[in-house]
1. Looking at 241, 249, 234, 271, can you tell me which residue is over 29 Å from residue 137 (Cα atoms) and modelled with pLDDT of 95 or more?
2. Looking for something more than 18 Å from residue 208 (Cα to Cα) and of a type in the set (Ser, Thr, Tyr) - is there at least one such residue anywhere in the range 179-188?
3. Would you mind finding the one in 278, 265 that is at pLDDT below 95 and within 29 Å of the chain's Cα centre (by Cα)?
4. Please go through the range 128-187 and give me each residue that is among the polar types (S, T, N, Q) and in contact with a helix residue (DSSP H, G or I) (Cβ under 6 Å, 6 or more places away or on another chain), ordered by number.
5. Give me the residue from the range 89-105 that is under 15 Å from residue 38 (Cα atoms) and not acidic (Asp, Glu) and, out of that set, most open to solvent (accessible area, probe 1.4 Å).
6. Working only within the range 237-269, note down all residues that are farther than 30 Å from residue 206 by Cβ and in contact (Cβ under 8 Å) with a residue 24 or more places away in the chain.
7. Can you tell me which residue is farthest from residue 142 (Cα to Cα) among those in the range 59-108 that are of a type in the set (D, E, K, R) and part of a helix (DSSP H, G or I)?
8. Could we say that residue 269 is surrounded by 14 or more Cβ atoms within 10 Å (Cβ to Cβ), part of a strand (DSSP E or B), among the basic types (Lys, Arg) and in contact with a Ser or Thr (Cβ under 7 Å, 6 or more places away or on another chain) here?
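The values are calculated or read from the model by the stated rules, or taken from the named source; none is laboratory data. No experiment lies behind these values; they were computed from the predicted model shown. When we count neighbours, we look across all protein chains shown, and the Cβ atoms used for this are built from the backbone with ideal geometry, even at glycine. Keep in mind that these areas ignore ligands, DNA and RNA; they rest on the heavy atoms of the full protein, side chains included. Shrake-Rupley method; radii C 1.70, N 1.55, O 1.52, S 1.80 Å.
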Amino acid sequence: MSLVLFSCEKDEERLVLRPGAAPTLAATENSVELTAETKGEDAITMNWTAADYGYQAAVTYTLQFIAEGGDFEEAREIEATPGTTSRTLTVAELNTLATQLGLAPNNEGTIQARVRSSVAESVTPAYSNVVSFNVTPFLDIIEYVSLWVPGSHQGWNPGEAPKVSSVNDNGVYEGYVNFPEAQTNFKFTPEPNWDNDFGGTSSGNKGTLTEKGDNLVVNGTGYYLLKANTNQMTWEAIRTTWGVIGDATAGGWDSDQDLSYNATEQVWKGTLKLSVGEIKFRANDAWDINLGDDNADASLEYGAANIKIEEAGDYEVVLNLANPGNYTYSLTKL
């Protein structure tokens, strides 16, 4: 907007707002594949021309990002450094942004961006053109202190065994392990080898831990939340099945929409019709074990915030609990 001075019959002056020149935005890359090994490197730079309001003004520039087909009213925003007309995103920053926008790890998706310029609340902001670029995000796995779980379910090989992890490094471990046998014998090892191990006693899919003790036993096939406590020297396995609940689902908040476990991909999956609203993931049709998303970044936390569905449609829903402490999900509109 431009400010123009007019004289009235009484020699008074008033301000009239007129449109100014909006910025023009460009991106340095058309397609970016992100990797965990290059997290600190630059991924893409957004450059724009200065907005022209017709007078000297302190202009604030804000980059707005959406997934392709989204609504800029719900955009993720990054404010530029004052006095600059460019912003470089590192691999880590762009990966977080892509995840927040719902792009699935290891799959190419499209991000759209524009820049908003503003000078004051009383002046209508100006918006640039929209640019698009493709991004392939990665699953950013945090490595926690862990115990390996070798056993009859995977050939007693610690080097290739699933893990349970202690997110707080406090001797309390958990993770999800698929036991496909009617009876599974296993142990915990502090390293992916047999230099040391924890066995112990077993009764009702729980028991005590002892260094170099007897095999631990879980009875019943299924997908288990496996816990170990090396302070109290105890363990427990809780069988789980998973579903989606919420007012965005056909069952509302009264009944779960079941997901199916894919042992090859090690994820829970389902195709669901979702409406605008909210959802959560929960186990065993109960609230004892439920997962939400506090930061809207596709990373799950126990008892966390509801997950918002902004657009109605058919979705492929994927729940990934294979990496302890790094529980994630994706919602792909079909």
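1. On the way: 241 fails: over 29 Å from residue 137 (Cα atoms); 249 fails: over 29 Å from residue 137 (Cα atoms); 271 fails: over 29 Å from residue 137 (Cα atoms).
Result: 234 is the single residue among 241, 249, 234, 271 that is over 29 Å from residue 137 (Cα atoms) and modelled with pLDDT of 95 or more.
2. no
3. Step by step, each of 278, 265 is checked, and only 265 is at pLDDT below 95 and within 29 Å of the chain's Cα centre (by Cα).
4. Selection gives nothing.
5. This residue is 96.
6. Hits for the range 237-269 are 246, 247, 248, 249.
7. Step one: filter the range 59-108 for residues of a type in the set (D, E, K, R), giving 68, 71, 73-74, 76-77, 79, 87, 93, 108.
Of the ones still in play, those that are also part of a helix (DSSP H, G or I) are 73-74, 93.
Values: 73: 32, 74: 29, 93: 16 Å.
Ranking the candidates gives 73 first.
8. yes
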